[in-house]
Amino acid sequence: MNNKYFELARNEERSGNDAAALLLYLSSFCDSCNHGTRNTSYGTVAKIRLLQRKLILTDLQLFGLIRSYGPLSDLECMKLLDYSIRGAGLSGYAYGY
């Protein structure tokens, strides 16, 4: 889970910049997925959900904010986040199990 986006997100969150923190947590999530980190942080997903509720965003609005910037497409990162939010896990989708 140690990636540059997560640290930046925590700093923004601590400063009260919820919207910036949410975008950075989303980047952290996608970055973990793009680098094949199997244990994608459920803490990151929890932070995303918390900020989503604080900012009163629907799931559709939240998914529209995702940008992958890596080998996975935005849609693939959206699906992975959706699976993580619902507790289905990432292994079946992302790692072919």
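The values are calculated or read from the model by the stated rules, or taken from the named source; none is laboratory data. Computed from a predicted model, the values in this text were never measured in an experiment. When we count neighbours, we look across all protein chains shown, and the Cβ atoms used for this are built from the backbone with ideal geometry, even at glycine. These area figures cover heavy atoms from the full protein model, side chains too; ligands, DNA and RNA do not enter into them. Shrake-Rupley method; radii C 1.70, N 1.55, O 1.52, S 1.80 Å.
Put a dot 7 Å past the Cα of Arg86, heading toward its Cβ, do the same for Leu60, and the two dots end up 1.7 nm apart.
Got a number for carbon plus sulfur as a percent of segment 4-86's accessible area, 1.4 Å probe? Here carbon and sulfur together make up 55 percent of the probe-accessible area. Relative protection proxy for 67-73, 29-35, 43-49, 55-61, from highest mean packing down: 29-35, 43-49, 67-73, 55-61 (other beta-carbon atoms within 10 angstrom). Protein heavy-atom accessible surface, 1.4 Å probe, per residue over segment 4-86: 55 Å². Taking a straight Cα-Cα cut-off under 17 Å and skipping sequence neighbours fewer than 8 places away in the same chain, the lysines within cross-link reach of Lys4 are Lys47.
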